[in-house]
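The values are calculated or read from the model by the stated rules, or taken from the named source; none is laboratory data. Everything numeric in this text was worked out from a predicted model, so none of it was measured. Positions of Cβ are generated from backbone atoms using ideal geometry, with glycine treated the same way; all protein chains shown enter the neighbour counts. All accessible areas refer to the heavy atoms of the entire protein, side chains included, with ligands and DNA or RNA removed. Shrake-Rupley method; radii C 1.70, N 1.55, O 1.52, S 1.80 Å.
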Amino acid sequence: MSSIQHLLKPHERDLGGFSVRRLLPSLPKQAVGPFIFFDHMGPASFAPGDGIDVRPHPHIGLATVTYLYEGEILHRDSLGSVQTIRPGDVNWMTAGHGVVHSERTSPGLRESGQHLHGLQTWFALPLAHEDAEPGFWHHPASTLPLIEQPGLSLRVILGSAYGRTSPVHTYGDTLYVAGELEQGARFDIPPEHAERGVYVARGVVEIDGERVEAGQLAVLQPGVTVWVEALEEVRLLVLGGEPLDGPRYIWWNFVASSRERIEAAKLRWQEGRFPPVPGETDFIPLPSR
């Protein structure tokens, strides 16, 4: 039997010189563990004077996770947080009952230009924490556990893996590990987490002998140890954890356990009742559909 339950391919979107590949949600699989949204952004090159400008927008019912390979993003939110995220760091923002944030290129990098490349994911909050107080935490790369072996490094970004635990506070069992492999390097993924996936950001791997290429997310069969081998230089992410504790609805930037919660959030944003982001005057209007 194949060790791969589903092999997901991305839906690519061009955001004006900036490519985003979306793997979750997908038709065969809405989420892998608690991760209900998965975007691979870039790599993209911005000339001097250009950059990203994601204007203030709201979230409910989720936590955002940003992890960069190259470049920088300046995060601002309605809690008053102002934080530059750099490669290897992790930003965790709990939206709970409602938070607003923006993501932009900092003035210095806009002046000089930059390369930007990374991953953005949403963690669906458990039902008991849907209305949690919003919060923001930044963890530099130096604080995240790093497992190094010949030809292989694994950084534990969230949750626990290989006997190491990330300092980032999450909800329930979580797996989120960034890997860098040289050609021929191998590692195993034990069955301790209920749901697991392997996303190949660069290169090609074999999972128990089955080929998985860059841009593909292999959702693994539960309950079995699998082996991952790099066929060339590889950058990948292993993610998963406890499955969702009930159905979730997604509309725009909102995740909720009911359509009523989504409708209430839409009305609140339309009426300007979300908290503002200090220092920001613009915002993204509610989409028409």
### Radius of gyration and Dmax over the Cα atoms of the chain, both given in Å
18.6, 56
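Counting every Cα pair in region 139-289, what percent are over 19 Å apart? Show your work: numbers first, answer last.
On the way: 7154 of 11325 pairs.
Cα-Cα pairs of region 139-289 separated by over 19 Å account for 63 percent.
How much length is gained on full extension from SER106 to ALA47, taking 0.36 nm per residue of separation minus their Cα-Cα distance? Each step should come with its number before you reach the end.
On the way: separation 59, 0.36 × 59 = 21.24 nm, distance 1.35 nm.
Taking 0.36 nm per residue and subtracting the Cα distance, the gain is 19.9 nm.
Give the peptides 74-83, 174-183, 241-250 in descending order of average Cβ contacts within 10 Å, highest first. Display every interim value, and only then the final one.
Values: 74-83: 18.3, 174-183: 22.2, 241-250: 16.1.
Top to bottom by mean Cβ count within 10 Å: 174-183, 74-83, 241-250.
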### Query
Sorting SER166, SER19 by accessible area (1.4 Å probe), largest first, what list results?
SER19, SER166
### Task
For a label point 7 Å from the Cα of HIS115 along Cα→C-beta, name the residues of region 56-99 whose backbone N is under 19 Å from it.
67-74, 85-89
### Task
Express the relative contact order of the chain as a whole percentage, based on alpha carbon pairs under 8 Å and six or more residues apart in sequence.
21 percent
#### Entry: Inter-part distance where region 42-56 and region 170-230 are each reduced to a Cα centre, Å
30 Å
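What's the magnitude of the charge dipole for the chain around its Cα centre, counting Lys and Arg as +1 and Asp and Glu as -1 at the beta-carbon? Answer in Debye, nearest 20. Display every interim value, and only then the final one.
Details: 24 positive and 35 negative charges, 128 e Å.
For the chain, the charge dipole is close to 620 debye.
On the protein heavy atoms, probe 1.4 angstrom, tell me the percent of accessible surface of the chain carried by carbon and sulfur.
Numbers: 6190 of 12490 Å².
Roughly 50 percent of what the probe reaches on the chain is carbon or sulfur.
Can you compute the charge dipole magnitude of region 1-137 about its Cα centre, using +1 on each Lys and Arg Cβ and -1 on each Asp and Glu Cβ, nothing else charged? Give it in debye, rounded to the nearest 20. Display every interim value, and only then the final one.
Values: 10 positive and 14 negative charges, 67 e Å.
Charge dipole, region 1-137, about its Cα centre: 320 debye, nearest 20.
Determine the per residue accessible area of the chain with all protein chains present and a 1.4 angstrom probe, expressed in square angstrom. List each step's numbers first, then the result.
On the way: 12490 Å² over 289 residues.
Accessible surface, normalised per residue, equals 43 Å².
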### Query
Once amide H atoms are built 1.01 Å from N in the peptide plane, which residues 5 or more positions from LEU158, or in another chain, come under 5 Å H to H?
TYR176
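Looking at the square roots a ≥ b ≥ c of the eigenvalues of the Cα gyration tensor of region 160-244, which shape do they give, rounded for a/c under 1.5, prolate if a/b is larger than b/c, or oblate? Display every interim value, and only then the final one.
Details: a/c = 1.89, a/b = 1.58, b/c = 1.20.
Prolate, because a/c is 1.5 or more and a/b exceeds b/c.
Which value at 222 nm does the chain reach when only helices count, each DSSP H run of 4 or more adding -39,500 (n - 2.57), with the total divided by all residues and rounded to the nearest 500 deg cm²/dmol?
Details: 2 runs with 18 residues, N = 289.
Per the formula, -2000 deg cm²/dmol.
Order ARG196, ARG186, ARG202, most accessible first, counting only protein heavy atoms with a 1.4 angstrom probe.
On the way: ARG196 5, ARG186 115, ARG202 85 Å².
Sorted descending by solvent-accessible area, the residues read ARG186, ARG202, ARG196.
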#### Entry: In sequence order, calculated HN-Hα J values of region 187-204 (Karplus, 6.51, -1.76, 1.60; Hz; x Gly/Pro)
8, 9, 10, x, x, 5, 9, 4, 10, 9, x, 10, 9, 9, 7, 8, x, 9
#### Entry: Normalised contact order of region 205-289, rounded percent, pairs of Cα under 8 Å and 6 or more residues apart
17 percent
### Message
Let me make sure I get this right: for region 88-175, a, b and c are the square roots of the gyration tensor eigenvalues over alpha carbons, sorted descending. Under 1.5 in a/c it's rounded, otherwise prolate if a/b > b/c, else oblate. Which is it?
### Response
oblate
### Query
Once amide H atoms are placed 1.01 Å from N in the peptide plane, what residues at a sequence separation of 5 or more from ILE52, or on another chain, have their amide H within under 5 Å of its amide H?
THR105
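Can you give the charge dipole size of region 86-208 about its Cα centre, rounded to the nearest 20 debye, using +1 on the beta carbon of Lys and Arg and -1 on the beta carbon of Asp and Glu?
So the dipole magnitude of region 86-208 works out to roughly 380 debye.
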### Message
Springs between alpha-carbon pairs under 10 angstrom, Gaussian network model over the chain: which of LEU267, LEU125, LEU217 fluctuates most?
### Response
LEU267
### Query
With the dipole of region 144-233 worked out from charges on the C-beta (+1 for Lys and Arg, -1 for Asp and Glu) around the Cα centre, which of HIS193, VAL205, THR225 lies farthest toward the positive end?
HIS193
### Message
Tell me whether region 9-115 comes out rounded, prolate or oblate; compute the Cα gyration tensor, take square roots of the eigenvalues as a ≥ b ≥ c, and use a/c under 1.5 as the rounded threshold.
### Response
oblate
### Query
Taking a 1.4 Å probe, which of SER45, SER288 shows the most accessible area, and what order do the others take after it?
SER288, SER45
### Task
Once you have the Cα-Cα distance between THR143 and GLN83, take 0.36 nm times their residue separation minus that, and quote the gain in nm to one decimal.
20.0 nm
